[in-house]
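Please read the structure below before turning to the comments.
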Amino acid sequence: MPSTPVGQRRLAILELLKDPVRHFPPPRHTDPEADGVTAAAVATRLGVDRTVADAHLSLLAALGLLRTKRIRRRTHYRRDEVRIAEVARMFEKGW
């Protein structure tokens, strides 16, 4: 089955990342607002395997909807609000 940008789990990830402080436990060495959250944190929150979360996060990042930041050995993900607004405008215009 091909991967599509729209999916309930991917929409749930985008929604959770709107307010990472509220939806994820506080990390020890990072700021979830500025740095984002790890795939492991997303997997735990969604109740899925980390590889599943990785796949969804990678697709959203490839689409430009998420920004990534490497901290130590982990990739952290956060929303790219500018890009999300651009995509929303494209769909509003009937794209």
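The values are calculated or read from the model by the stated rules, or taken from the named source; none is laboratory data. Quantities reported herein were computed from a predicted structural model and do not represent experimental measurements. Because the Cβ atoms are built from the backbone with ideal geometry, glycine has one as well, and the counts that use them run over all protein chains shown.
Descriptive notes on the structure:
- Taking each residue of segment 54-74 that is under 15 Å from residue 7 (Cα atoms) and looking for partners that are surrounded by fewer than 16 Cβ atoms within 10 Å (Cβ to Cβ) and among the small types (Gly, Ala, Ser) with beta-carbon atoms closer than 8 Å, six or more apart or interchain, yields 55/3; 56/7; 59/3.
- Residue that is surrounded by the most Cβ atoms within 10 Å (Cβ to Cβ) [pool: residues in segment 20-35 that are closer than 21 Å to residue 55 by Cα and either in contact with a helix residue (DSSP H, G or I) (Cβ under 7 Å, 6 or more places away or on another chain) or modelled with pLDDT of 95 or more (or both)]: 20
- If you check 45, 78 for being among the charged types (D, E, K, R) and in contact (Cβ under 8 Å) with a residue 60 or more places away in the chain, only one passes: 78.
- Matching residues in segment 28-56 - criterion: being outside any helix (DSSP H, G or I) and either at positive phi or in contact with a Ser or Thr (Cβ under 9 Å, 6 or more places away or on another chain) (or both): 30, 36, 37, 38, 47
- In segment 57-95, the residue that is surrounded by the fewest Cβ atoms within 10 Å (Cβ to Cβ) out of those that are of a type in the set (Gly, Ala, Ser) and in a loop (DSSP other than H, G, I, E, B) is 94.
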